[in-house]
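Remarks on the structure that follows.
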Ligand code: SAM
């Protein structure tokens, strides 16, 4: 989404019981895995595919900002829900100037700092400067915690994290306030999140009205009995997401039309919304080499004989035909 020149601010500090601490505890306890261990993982290829998708989104938007503002502009970025810093290398490759890394999980922020220190140590070029904020971005105004509160951001990135804020309207609003308040007019907000319509479709309640769960041996989505489903609420539509080795905690459906409307209150206009399956096809032309290098497709014969978790996310046959 792109930031308009006019924005409204909504102050929301409503205190209520919520799952933030459950989410923070979950991510705080995640163990750092070594490269060898990661390769053994049943979700190795899916993680690589997700990483490739993020690389393409980030690379594309940085190119676009530079086209619009001049190739030498210094870019300031906010990585909202940065986790352990899985995108630090992408910011380095994108040659940005400064990155504000924020996450609710303190241990992840510590790991992110360590990774940044290693990157800085290793890098021969002038790596970006960075700052780290451990905060619930759906409850706190993180600009108040920034080294320079007036810092103008060119880009806000929220990868696989926005859905946690859809627990309540005030939380989604605070998250959007954090996206928007320091974003330059003409600046961009990019992100990846879950597709509520797809999740509801997969529950298959038309055929099985009692269904509250779907998945396979690697992942599952299960709605607890106290989440109404006919229809689900716009906020607080809680489900438990389990993904082998990585995630085991509550998330919330993001009703996209509501998200879009709310985002427009914060001065953001939708530029593009694409499902992963379309995005992969769109990006093959430019991103083919990186895709192969990242081994994101080896899960599909003839690239390997493991059955990919993401098989129904990406049309592998189409991708394969394209690459052949
Ligand atoms: N963006 C990273 C990436 O793509 O590798 C991490 C994604 S991980 C699936 C989701 C992250 O969102 C976790 O690090 C979690 O701690 C963070 N998160 C969840 N709720 C949050 C909140 N309210 N405020 C800030 N971070 C949050």
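FYI, it's all coordinate maths here, none of it is from the lab. All values derive from a computational prediction rather than experimental measurement. No Cβ is skipped: glycine too gets one built from the backbone with ideal geometry, and neighbour counts run over all protein chains shown.
Just how many % of Cα pairs in the stretch 151-252 lie over 21 Å apart, if you round to the nearest whole percent?
Roughly 43 percent, rounded to a whole number.
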* Label-point separation, residue 147 to residue 97 (7 Å along Cα→Cβ), nm -> 1.3
* To do: Using only C-alpha atoms and all pairs of different ones, pull out the Kirkwood radius for the stretch 196-244 in Å with one decimal.
  => 11.2
* Two-site label geometry, residue 181 and residue 245: point separation in nm, points 7 Å out along Cα→Cβ -> 3.9
* **Label zone at residue 126, where the point sits 7 Å out along the Cα-to-Cβ direction: the stretch 86-110 residues whose backbone N lies under 19 Å** => 91-100
* Convex hull of the stretch 45-163 built on C-alpha atoms - directionally averaged projected area, nm² -> 7.8
* **Per residue convex hull volume, Cα atoms of the stretch 172-306, in Å³** => 171
* To do: Counting only C-alpha contacts under 8 Å and six or more residues apart, can you give the relative contact order of the stretch 137-230 as a whole percent?
  => 28
